[in-house]
Each structure stands twice: as structure tokens, then as C-alpha cells.
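Encoded as C-alpha cells, the structure appears first; notes follow it.
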Amino acid sequence: MLAPVPTDLAVSPPSREYRDIPPPRRIGSRVFLAVLGLALAAAAVGFIRDLAAVPEPPPPSTVQAPDTLGGRPRTTDDEWVKSNLEFIHGILSDGANSVVMEVYGDEVMVFAAGGAIESPDRALDGLLESARSQGYHLDTFTMVDPGPLGGVASCGRARRATEETVLCAWASTGSNGMFEWYYATLAQARAEFAGLRAEVETRD
């Protein structure tokens with residue numbers, strides 16, 4: 001039996017380089033920055049490509065973009081998404097079974113990828129480290145309840161240049177991802193996180 005591919009190491013470089021990514025989309029006074037770094041993080045933390053190599057494959061999850069998120073309408077720029085299709089396909093070829101990159105109400109961004117992950121703890125560390133590598137200063141991050149879908153999760157404040165947002169990241173054996181709130185307080189984001197994740201992710 002083949003040994004599992006160690007693709008969930010936080011320090012592992014992405015298996016591909018993402019170049020020619022369109023400029024971030026500006027949302028009011030905020031800049032849609034996180035998608036660029038977090039989509040790169042999906043490749044960095046990795047997924048188990050060969051489930052047959054794992055004695056007991058973890059239950060898979062699927063992520064999909066709902067029409068609304070926490071009552072907010074989808075406000076993603078479709079042209080921006082189309083311009084990133086190659087980028088998304090790269091994440092899928094790295095082992096993910098589904099990817100979501102959306103904005104809701106011009107106030108919440110979600111990046112999520114479904115797929116088998118061997119070490120959720122290392123995957124979560126990889127997501128946060130990727131955010132740091134994109135210039136985010138992460139502050140007051142603490143573990144939070146991941147909700148009924150399980151795994152591990154952490155929320156805190158993030159600053160980049162003059163912008164301050166709130167991030168909540170999670171990883172489980174079936175998915176990883178992150179929400180970014182542009183106008184919410186940390187307490188509001190922590191209270192809303194598990195419910196929003198349940199709207200995006202389903203366990204097969």
C-alpha cells in the first residue's frame with residue numbers, strides 16, 4: 001500500500017505557482033485581499049490525493065456557495081470569479097473536491113475547500129500562516145467551537161496596512177476554509193461563525 005502523501009504540512013510550498021491573478025476587488029472602503037492568500041493556502045496545506053492510501057479515509061465534505069449567507073445576498077463580482085477559474089481549477093487538481101470563493105452583502109468573504117485532510121491541526125496552522133505571509137498581522141486569535149461539522153477553528157482580528165477585519169478559520173478531516181468580516185466585531189464573528197460554516201459545508 002502506498003504511503004499517504006504528506007500534503008497537509010504547514011511549511012510545505014504549494015505544488016504550483018499562482019501567477020497573473022487579477023487585482024483584488026474593492027468593496028466599498030475595504031479591499032478583497034484575503035481570497036488571494038487563502039486560496040494559495042488551500043494548496044499549501046494540501047489534501048490527501050489518494051484516499052486508498054489511508055487505512056480509514058475520513059468522511060468527505062462538500063462546500064457550495066449558498067444564495068444567501070446569514071441573510072446576506074451574494075454580491076461577488078461574477079467577472080472576477082470567471083477570471084479566477086484557472087486559479088480555482090488549480091486548487092481542485094491539488095486534491096480538493098469543491099471550492100467556494102464568494103462575497104456576501106459586500107461585508108463577508110468566504111473561502112472554503114472540501115476534501116480529505118489528514119491533520120486538521122496542521123491544516124489550520126497552515127491557513128493562518130498563509131494569511132501572515134500575505135501581510136496580515138493576526139491578533140487575539142483563540143480557539144472557538146467549530147460547530148457540528150467538527151474539526152478545529154480559530155478566530156481573531158487581522159490587520160493589513162490600514163485595514164482591520166475579523167477572520168475565523170477552520171480545518172477538519174473533510175474541509176478547510178476561512179471567513180473574513182469587514183465590519184463585524186470579533187464577538188459578532190465568533191457568534192456567527194459555526195452557523196455560516198453550516199450554510200457553506202455539507203458532510204456526505
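Every read-out reported here was derived from the displayed coordinates using simple, explicitly stated rules and does not represent laboratory data. All of these numbers come straight from a predicted model, not from anything done at the bench. Heads up, the Cβs are rebuilt from the backbone with ideal geometry, glycines too, and the neighbour counts pull from every protein chain shown.
Gain on full extension, evaluated as 0.36 nm per residue between S133 and S93 minus their Cα-Cα distance, stands at 12.1 nm.
Once backbone amide H atoms are built at 1.01 Å from N, F141 has R157 as its partners under 5 Å, excluding neighbours fewer than 5 places away on the same chain.
Protection proxy ranking of 178-188, 155-165, by the mean of other Cβ atoms within 10 Å over each peptide's residues and highest first, is 178-188, 155-165. Normalised by residue number, the volume inside the convex hull of the Cα atoms of region 59-203 is 106 Å³ per residue. Projected label points at Q64 and D78, each 7 Å from Cα along the beta carbon direction, are separated by 1.9 nanometres.
Which order results if L128, L92 are arranged by neighbouring Cβ count within 10 Å, fewest first? It would help to have the intermediate numbers written out before the result.
On the way: L128 21, L92 16.
Ascending number of Cβ neighbours within 10 Å: L92, L128.
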